[in-house]
Structure formats: structure tokens, C-alpha cells
Amino acid sequence: MDPEIAAPAADESRELQLVTREVTIRAETFNEAENTVEVVWTTGSRGTRMDWRRYELIEEELSTDAAHVRLDRINSGGPVLNSHRSYDLSSQLGVVVDGTARMSDGEGVATLRFSRREEIAPIIQDIRDRVIRNVSVGYRVHEYEITEREGERPLYRAVDWEPYEISFVTMPFDAGAQTRSSEPAQGGFPCIFRRNSPASSQERTMDPEDQAGSQSTDTTTTTTTTTDQSTDGQQQQQRQAPTTVDGAAVLTAARNAGLDVGAREELLVRHSSTPFNHDTLMADIGRRFAERDSSAQTINRVSPTVGNGATMVRAMSDAVFHRMAPGSQLPDTSRQYRGMGLLRMAEELIGSSGVSTRGMTPHEIAERALHTTSDFPALMSNAMGRRLRASYEEHEPTYRQWARRAPNAPNFKSVDTVQLSAMPDLMKVNEKGEFRYGTFTDGKVSYALTNYGRIIGLSRQLIINDDLNALDRILSGFAASAARLENRTVYAQLTANPTLPDGIALFHADHGNLGAGAAISANSLGAARTRMRKQKGLQAELLNIAPQHLIVPTDIEQVAYQFTSSQFVPARSADVNEFRQGGRTALTPIVEPLLDESSTTAFYLAASNGQIDTVEYAYLEGAEGVQLSSRVGFTMDGVEMKASLDFAAAVIDHRGLDRTG
């Protein structure tokens, strides 16, 4: 073993931190009634670990002898955690069932019982479905037996160790995530290192941070002696060869290049057998860096793990939206955040920026997430905006069935809509005659967008309480409010009977589109249809417009459907109703409660907006429908979300509309 990387002296006692290791879920043992599942939490298998203090690789093995494993702690309600988080009660998913942790046939087995809390139900469901299948055990080693092996890594065999928690994690144990330290202020726990005499071909492992301090001097004895001559030759070769770098330089260069933990460990393993100099190290890192960024490698490395800030925010936003709309599809990149509370997401975002949240209160985490980074407000704004939009689209205001949507308005200035007469009739051209110019008449209607809006407050309390249900109800309420506003704006064009540019009210005898009050009948519908058929254009040309929609208040809904239903079969020819579905001039009934406020008996006919203009509506360009914007609160402690709607409607032509009553 290299004299510079010495193992601990025999019977040395050192302070070690907590260690984690991957275990196995037996999903087929899930008990629905008891909400339990069995896991294998150790097989004692040997694994390579890295001493990050000494940059030394070791082999670690956990003894599965029942006499070497302390089970009292884990058998007394040992916690089942989310990703080894132990500083927040919301992170506990369940407990180890008392007395079920045991050593059996070289394996550590335990039964876990999950909590029935609603907020973790999605996590438990993913465990049932084997979406979450990575589990890690946290343990403490109280005593290692160390065996030095020529030409191999030292073997650290834990002969007195204690499991203390089991966690479900997004990624299994690896060299970069093998240890979860306690708070530095709390210190570690004592561990004894007993060193066996050197053996030639045995096993050897290392413990994460423990071996970090390996700095003993009594393992520097060499087993083979060399002559002074050979030593001098080696020294001469070393003087002539380029200077090699140490492990710290290898690790620093790999980190600066953005290589992942696996690549960093590969470099250190190679360096331990064939030391790098500066040139060879840079060449190797450059090759790995190029491979990592190549398109093929990028495709192969796609995984649910999220690294950069923008991708993390997008994945978290999708997860929050999925919580508010469970029927929506959850992308693979967001599954690791499924069921995660808002406060936990705030922790993750803060941690991704290099700030530790250890020791922070929920209040401090929420405060920092809201005021020191734009990621969390962006996350919530994105998710809330999508939910607001989805709720808005779920509402189908009745006006959309008959009114015409105009092109989006570029700004809030007046929008001019031109009315055109029919094209002039074609005229006979005699032999050697000339074609004559025709003329048409136009009119103009102007209207402008109006801005509507309200502010929603996302407070620190809502984040801490993780009250997404309340937020979802607020968003759904605003979406419904926006849809109602549009509906009112359009139907006000009918009920208010506005004055048109010709100086005459929309429904007026001079316009030939107003009938005397009468109940819905074949006669009253026929009279309204006749009035619409006789409408003339701007040049007094006959338009022959046929009605398509029957718009009624709720009080006469039943009568309207009776006269338009396709189920009506006349017994006599006199009973034939041409307005039913399938009839010669079938009408589609549209029922709107807003009309009851004006009249409970009046009804309207509307032509197809593809045949002639009636009422049109418009949105602002780039802001179709309800929109959401956000800013860090000034008048409140949190984030202010502004829901806004830019919308307008106007009557364009009276000829396609008729009113009776």
C-alpha cells in the first residue's frame, strides 16, 4: 500500500459519520390491508467506497452474522424516510414494524408499515406499482476489521454495526451519494479500527467518509526490499518523467469539467494504478467531456434525474400541476417530485443553488425561496397558469356556439370591422361591348378591448401548509369567473339592444328583425324565419338568410327542445315541424340563463356566422383567454399572482339576428 495513503493504526478509534447503502423491495409482499411491504435491507455484499478526504478507494463489507448487527434501535420503531431526510416530520413515510428486523440466511429482512397520510399516498402508490424501487439503509459502523491485501484495495469488514433507518430514494447508492453526514456541530460517533496482519489475496473495502481520515503510519512498512541501485534507478526515472498530480488535483479537475460522480471515481481508480501527470489528466478529461456532450451520449443518458435549474423548475411545475389535476399526464422527469410538498420543493431549489437548508425553519425556507431566487415563484406561476388555463378551457360558454371569433387585436386601440354589401349583379355584355365597373357599399363598426383582472396572493402560510387544494379551488373559481365574464359581455349585445352605427337599435322594426311577443310555436318561429329571409343588404339586395340557432332563456327551455327535437314524429301532415333536427330549416337550441334577467319569454334566432356577421368577439394578440402573471409581493408576504383577461365583443350586423318578444 502506498505510504502516503495509510490505513488506520491497529485498534485506533475515530469519529465516523452515518453511512447509507442500497437495499431491495419485495413488491410482491405488499399487504393492502396492513399497508406493509417487506424489504431486504442488507446482504452484506462487498462494495467499493471512496475516502474523499484521502482520495483512496477501499472495499467495505457488512458482516451478516447476527452477533455483529445491533438491531435494537431499528426494531423499536425505526423510521422509514423520504431520501434520508430526518429534520422534518413530513419526510417520514412510515416505520419498521417492531420486531420484524432480523438476520436470516445471510440477509437482513424487515417489514415496513406506511403512513396513511393523504399527502404521501402518491408515493405509496408508486411503491406498489414499482415506479419507486430504490431503497437505501442508513447505518453506523462501530467497529471495522481491516485486512491489507497486496496489489488490492484494503478490506474494511464491519463486525459491529447498527442499522438505524430505511429510506426510499430517487437514485440508488453510489460513490458520490454514499454518506449522509450528521450536522457538523453534532460530531460523529466512535468507531474502532482493528487491523489484521497483511494477507496476500483477501477482501477489502472502504467506508465513505470514515476512511477519509486514514492517515496511520504503521502501515507504511514495505513487504519487499529493493537494492539501493534499483531505488536510485527509479528515482532517476521519476526525475526524468513528468511530474504526476495528486488525487486532490484529479478530483478538482474532474469536478470543474462537470463530470459526474461515476466518471470522477473512474479517474481516481485509474490514477491509483497509473498516476496522471497534468497532460494525461487533461487529455482524459477532455475525451470524457466530449463524449458526455455528444448527441449519442445525451440520448443514452436521459433519465428522470434533473440537474439544471430550468429543467428542475419545469419538472417540479409539472408535478405541482399533476397534484392539482390528477388526470393530467406526468412526464418521466417529474416522477421524482410526485407527491412532494411545496416546502420540500423549495428546499430542493434552494439546495440546487448551493445553499444548505439544514437548521432552517419552515418559515425561513419559505422566505428564502420567495425572496432570494426567482425559481420558486416561476415554478408556482407556471403550474398555476397551466391550471388556470385548463380550468378555463373546461368551461364552455354558450356564446361560442353562435358568435364569431375575430382575429386577435394587436393592442387596446379601436378595432374597425367593415360591413360589405353583396357584390353587384353581373350584367350582360353585348358583342363588342365593354365590361362596366360595379360598385359595392360598405359600413364600419368599431370596438376596443377591455382589460379585466384580479390578484391572487400566494402566501408563505400556504407554502408551509402545502394547501394546494385551496389554491386549486381559487384558480378554478377565477377560471369560471373569466368564462362568465365573456358570456355576459357577448349576451349583453343582445339584451342591451345597443344602437348601431346607422343610429337604429339592434332589434327594431326599421331593421325588420323584431317580432311581437309570442310563445314558441311553429307560427312564431315561421314568422321570425320569414323576417330573416327577407333581409336586404346595403344595396337593397335580397340576402335569403336562414336561421341556424334558437337562443332562449331557461324558462322556455323545455318548449324550445320540444320544437327542435328529432324525436318528434308527427301524426298528421299539419303537425310537421320543419324546425326540428333533421327538418328543412332545423334549429339548434341554445339555453342561456343570462337572458332570464332581461326577459323570461323573449327568444332569438341567429344565422350561421359563416353566412353573415352577427356578433363577434376578440382577444389581445398573444393573450388569448385568461392569463396569469406574478411578482414577489409588495403588499403581502408571499407572491402575488394576477389573473387578467383582455376581451371585447360587438354587434357587427343586425341582419343575421332576430328577436321575438
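The values are calculated or read from the model by the stated rules, or taken from the named source; none is laboratory data. Since the model is a prediction, treat every value here as computed from it, not as a measurement. Positions of Cβ are generated from backbone atoms using ideal geometry, with glycine treated the same way; all protein chains shown enter the neighbour counts.
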Residue match in region 364-387 (condition: in contact with a helix residue (DSSP H, G or I) (Cβ under 8 Å, 6 or more places away or on another chain), farther than 21 Å from ALA310 by Cα and not acidic (Asp, Glu)): no
Residues located in region 92-120, provided they are outside any loop (DSSP other than H, G, I, E, B), crowded, with 17+ Cβ neighbours inside 10 Å and among the small types (Gly, Ala, Ser): GLY94, GLY108, ALA110
Test: residue in region 26-37 that is touching an Asp or Glu at 6+ places or on another chain (Cβ under 8 Å), at pLDDT below 80 and closer than 14 Å to VAL141 by Cβ: no
Residue check, PRO407 in a loop (DSSP other than H, G, I, E, B) and farther than 18 Å from VAL626 by Cβ: yes
Residues that are among the charged types (D, E, K, R) and under 15 Å from LEU388 (Cα atoms), drawn from region 320-336: ARG323
Breaking point among (1) of a type outside the set (Gly, Ala, Ser); (2) outside the structural domain of ALA483 (by TED's automatic domain parsing); (3) closer than 27 Å to VAL626 by Cα, for ARG358: (3)
Long-range neighbours under 9 Å by Cβ, at least six apart or interchain, first residue assigned by TED's automatic domain parsing to the domain that holds ARG314 and closer than 18 Å to LEU81 by Cα within region 328-352, second outside any helix (DSSP H, G or I) and among the basic types (Lys, Arg): ARG344/ARG85; GLU347/ARG85
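Here's the yes/no breakdown for (1) at pLDDT below 90; (2) under 41 Å from the mean Cα position of the chain (by Cα):
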site: TYR561; (1), (2): yes, no
site: SER565; (1), (2): yes, no
site: PHE568; (1), (2): yes, no
site: ASN577; (1), (2): yes, no
site: ARG584; (1), (2): yes, no
site: ILE590; (1), (2): no, yes
site: GLY622; (1), (2): yes, yes
site: VAL626; (1), (2): yes, yes
Filtered residue count, region 127-158, keeping only those that are assigned to a helix (DSSP H, G or I) and surrounded by 17 or more Cβ atoms within 10 Å (Cβ to Cβ): 1
Members of region 159-170 found to be of a type in the set (S, T, N, Q) and in a strand (DSSP E or B), listed by number: SER167
Selection from region 268-288 of residues that are of a type in the set (A, V, I, L, M, F, W, C) and surrounded by 16 or more Cβ atoms within 10 Å (Cβ to Cβ): LEU268, PHE276, LEU281, ILE285
Counted residues, region 484-504 - those being assigned to a loop (DSSP other than H, G, I, E, B) and either among the hydrophobic types (A, V, I, L, M, F, W, C) or surrounded by 14 or more Cβ atoms within 10 Å (Cβ to Cβ) (or both): 4
Scan of region 505-537 for residues that are within 55 Å of the chain's Cα centre (by Cα), in contact (Cβ under 8 Å) with a residue 40 or more places away in the chain and surrounded by fewer than 16 Cβ atoms within 10 Å (Cβ to Cβ), ordered by number: ALA519, SER521
